[in-house]
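Enquirer: Just passing along the structure, written as structure tokens.
The values are calculated or read from the model by the stated rules, or taken from the named source; none is laboratory data. From a predicted model like this one, the values you see are computed outputs, not experimental measurements. Glycine also receives a Cβ, built like all others from the backbone with ideal geometry; neighbour counts cover every protein chain displayed.
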């Protein structure tokens with residue numbers, strides 16, 4: 001279950017940073033964040049860590065096979081399926097972890 005909490009936290013952090021980069025408005029609370037200009041950068045930890053506004057119009061490496069709407073639908077379905085799967089196996093050991101402990105000697109690392 002810890003993996004779901006960590007993943008959920010990362011997704012929420014990702015959504016929040018995207019809102020601040022693209023900008024948003026909450027008229028009821030009189031809040032408006034203008035966002036960043038495309039290509040601009042904000043240093044967070046000097047030059048080591050920066051927020052830069054760029055967009056990837058497709059899937060991995062910019063590949064565009066299907067429309068964005070279908071890609072978004074696929075991502076939602078895959079995410080829900082993965083959450084259901086992880087919830088069902090929450091009390092079992094992960095097979096990959098078991099495999100490595102049983103059959104691989106990682107002492108050389």
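Enquirer: I'd like the residue in segment 76-109 that is assigned to a loop (DSSP other than H, G, I, E, B) and farther than 17 Å from residue 5 by Cβ and, out of all such residues, is modelled with the highest pLDDT.
Expert: Once the filter is applied, the top-ranked residue is 92.
Enquirer: Oh, and also: Looking only at residues in segment 10-22 that are closer than 18 Å to residue 55 by Cα and exposed (fewer than 12 other Cβ atoms within 10 Å of the Cβ), which one is modelled with the lowest pLDDT?
Expert: Here the answer is 11.
Enquirer: Please list, ordered by first then second residue, the pairs with beta carbon atoms under 7 Å, 6 or more apart or interchain, first in segment 23-37 and touching a residue at least 12 places away in the same chain (Cβ under 8 Å) and on the phi > 0 side of the Ramachandran plot, second surrounded by 11 or more Cβ atoms within 10 Å (Cβ to Cβ) and part of a strand (DSSP E or B).
Expert: Close Cβ pairs (under 7 Å, with a partner that is surrounded by 11 or more Cβ atoms within 10 Å (Cβ to Cβ) and part of a strand (DSSP E or B)) amount to 23/33.
Enquirer: Okay, moving on. Please specify each residue of segment 52-75 satisfying the condition of being in a helix (DSSP H, G or I) and either at pLDDT below 70 or exposed (fewer than 10 other Cβ atoms within 10 Å of the Cβ) (or both).
Expert: 60, 61, 62, 69, listed by residue number.
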